[in-house]
Every structure is written in C-alpha cells, then in structure tokens.
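A short write-up of the structure that comes next.
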Amino acid sequence: MSGASNRARCGVALGTPPAGAPGDLLGPLALALEARVARRTARPARDCPEARLELVFAAEALEPDERARLLDAAAERVLPVRPGALTRAVFAARTLSELARELAGARPLLAAWEAYRAARPAPRVLGILNVTPDSFSDGGRWLAPPLAIAQGQALCAEGADLLDVGGESTRPGAEPVAAEVELARVLPVVTALAPHTTLSIDTTKARVAEAALAAGARIVNDVSGACREPEILARVAAHGAGVILMHARGTPRDMQHAPHYDDVVREVAAHLRARAAAAWQAGIEPSGIALDPGLGFGKDLAHNLALLRALPELTSLGFPLVVGLSRKRFLGALTGEERPERRDHATAAGVALAHARGAALHRVHDVRAARAALALARALEEQD
C-alpha cells in the first residue's frame, strides 16, 4: 500500500491507547482486506457482494472456536456487514495464508480486540479556540492573540486534553478567507500554546497545516476530510502528526441549503471509510487517524439525530470518533434556545450520550461542563 514503506510513526494517539485499539489494528485490517479484494476483483469491495468477507484468516491461524468468536465480533462490531456475511471464504487458500502472514497472525488481534472491549479508553475533551471574527458562537472574542492565548490556558485549566485552534469560520454561510489571513490569526497562538499542550489546527488548507505543524501543532482537524486539498495528508504524514477527518456536504457557504441523503448513516460511513483509507495510504499512522461524522455540516435536524443514534455503527469503522455538537443550531431547535452560548446544558447532555454510544473525543466550547457530564457517564459505566 503506498506510503507504508516510509510511514512515520505518529506522535499522537487520537482517543485510544497506542496498543490494542481499533485504530491500531482493526481499521488497518479492514483497509488491507479491502485493498486485496479490489486487486483480486478489479472492483471495490463494496461493489463486490461475494467479497464482503472483511475479516478472513488462514485455517491454521486460529482454532475453530477462536475464529468463530472473532468473526462474530466482526459482524457485530468491527465493520458494518450482516452477521451472516462472514461465513464463507472468498479467497483461495494460498491467498489466505499470505494474508495471515502479512497480518502477523490473528491471535494477537483477537486478544487486543477483547482487551479493548473489556477496558474502554477514557474519553478526551477537545477545547475549541476560535481565532476568528465571525464564528457562530464566540466570533471576535479571542481574535487578538493575547486574548486567544489566555483563553487557551483557561480551557486547559478547566480540563481540556487538547485544544483546537481555528482561524477560519465554518459556520453556515461563512465566506472563505485567504491562507495569509488564516496564518496571521493562528500562528502566534499555536507558537505560544504548543509547548504546553497538545494542539490541533482546524484548517482545510495544506499551507496553513504545514505552518502550524512546524510551529508545534500535532493534529490537523480538516472539516473537508482532506477533500479540498488532498495534499494536506502528505503534510500530516511528513510531520508524524495526527488527523481528524470529517464528513461535510458542500461548503460552509452552501452546506445548509436543503441537504439531502438517501441514507445519511450509510453515506457518511462510506465517506469516512474512504477518507481513512486515503490517510493510511498517504502514510499516516492508523493510531493518528480519527473520524468525525460532521454534525451540522450539511445536515438537518433529522440527519444529526440519526447520526447520533448510529454512533455505535460508526465506531465499527475501526477509528476513534470525534463528536462536535457544541452549541450547534440543531440543539437550539430542540431546546428553543436561540443564543448559542445558552446551549451548553444541551451540549453537556449530548456529550454524555455521545460517550455512551462510543464517541472518543468531544469538541466543545465549555470544557468544564463537558468534563462534569463525562464524569457522571463514566461513573455510571463503572457500576454496570
């Protein structure tokens, strides 16, 4: 797979432990198998029904009961396939043996998967730091670098694990800004805060990503899923950084103009799966890839709720999920709160519910409230 031979070790793990997590094992496994299916059939695996067997091992790789347990787990959790779809082999025995050797044996994967299910990693909070004049919630409040730096320090003091610094608004109807403007806004903030905390740069521009990574950012959060400037993935890989890839329909300027899906969950999952594959092929370590369903980005209320309900299915993609519902307009539609800053109570409830459904990272404005919600959610889990 291109990029694998010169893949730099990722210096940041997004939401999961560096060993035993789906982002390290199950996601890459699925991608490797899809690539093999595509090579053997000259068609993408999703277009080849007889090749929907996403986890296959040589007969000698697993004892029969171990194989059955892993395939059952795969059908239920690892990938969005029907339980009966993993019962028949579609590869020749020679290919299966080769595959088992490539994956360094199946028993470690099975053990890691069961360990991950037994000890779910703690959630992480990504504090939002908008260095913009026009963000929907706090536009202009932190535009001056000294104010933004002080706000970043305050978010860390409240318990943020990471900070997400953005210099271009992505609110519905927002106009794009030039890279020079974006850089002037974010670089002083990134340079000041990077030595003290893990920073994500919220951008779709490869030039901005490169400069921010050079200044100390360790993650690129691309709301376009690296679709607008695909070369951004090579920049991330070169720095050994992490990436958050989001699903968005359209651009901020037009994304809320009557968004339509035939099946929003299926379409978002397919898009995220493809973007994860692109990141992996570009050389980004799997432990540094996280996926975001993009609540509010080309989705109406029903779409957003459907995606929140389907978070367990989206975790089956094999990479940590980022959920960014903080102060979003759909929360206002549900609660009647027109002012974004008055939606923090609904945000906290959404954070707890998203965590219960499998979200690993929570992108929020009010870090303290999110921390409190997650503390309760985690305490309830310990009692189960």
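Taking the listed residues Ala276, Ala290, the one that is buried (at least 24 other Cβ atoms within 10 Å of the Cβ), under 11 Å from the mean Cα position of the chain (by Cα), at pLDDT below 95 and not in a strand (DSSP E or B) is Ala276, with no other qualifying. When Ala370, Ala310, Ala379, Ala359 are screened for being at pLDDT below 95, aliphatic (A, V, I, L, M) and either under 23 Å from Ile201 (Cα atoms) or in contact with a His (Cβ under 8 Å, 6 or more places away or on another chain) (or both), only Ala359 passes. Inside the stretch 143-157, can you point out the residues that are in contact (Cβ under 8 Å) with a residue 24 or more places away in the chain and in a helix (DSSP H, G or I)? Scanning the stretch 143-157 gives Pro145, Ala148, Ile149, Gly152, Gln153, Leu155, Cys156. On the stretch given as the stretch 162-191, residues that are under 24 Å from the mean Cα position of the chain (by Cα) and of a type in the set (Asp, Glu) total 3. Against the conditions (1) closer than 19 Å to Ile128 by Cβ; (2) assigned to a loop (DSSP other than H, G, I, E, B), Glu229 satisfies every one except (1). Entry remark, the stretch 314-353: residues being surrounded by fewer than 24 Cβ atoms within 10 Å (Cβ to Cβ), free of Cβ contacts under 8 Å to residues at least 24 places away in the same chain and over 17 Å from Arg368 (Cα atoms) number 6 in total. Filter the stretch 197-216 for residues that are in a loop (DSSP other than H, G, I, E, B), in contact with a strand residue (DSSP E or B) (Cβ under 8 Å, 6 or more places away or on another chain) and within 19 Å of Ala282 (Cα to Cα) and give the result. Residues satisfying the conditions are Thr203, Thr204.
I need the helices (runs of 4 or more DSSP H) fully contained in the stretch 305-379, keeping only those with at least 2 residues that are small (Gly, Ala, Ser) and more than 19 Å from Pro121 (Cβ to Cβ). By residue number, 329-335, 344-356. Looking at Val177, is it over 21 Å from Ala290 (Cα atoms), part of a loop (DSSP other than H, G, I, E, B) and assigned by TED's automatic domain parsing to the domain that holds Val223? Yes, satisfied.
Can we say Val177 is within 16 Å of Ser224 (Cα to Cα) and modelled with pLDDT of 85 or more? Here the answer is yes, as Val177 does meet what is asked.
The values are calculated or read from the model by the stated rules, or taken from the named source; none is laboratory data. Since this is a predicted model, take the numbers as computed values, not measurements. All Cβ positions, glycine included, derive from the backbone under ideal geometry; neighbour counts span all protein chains shown.
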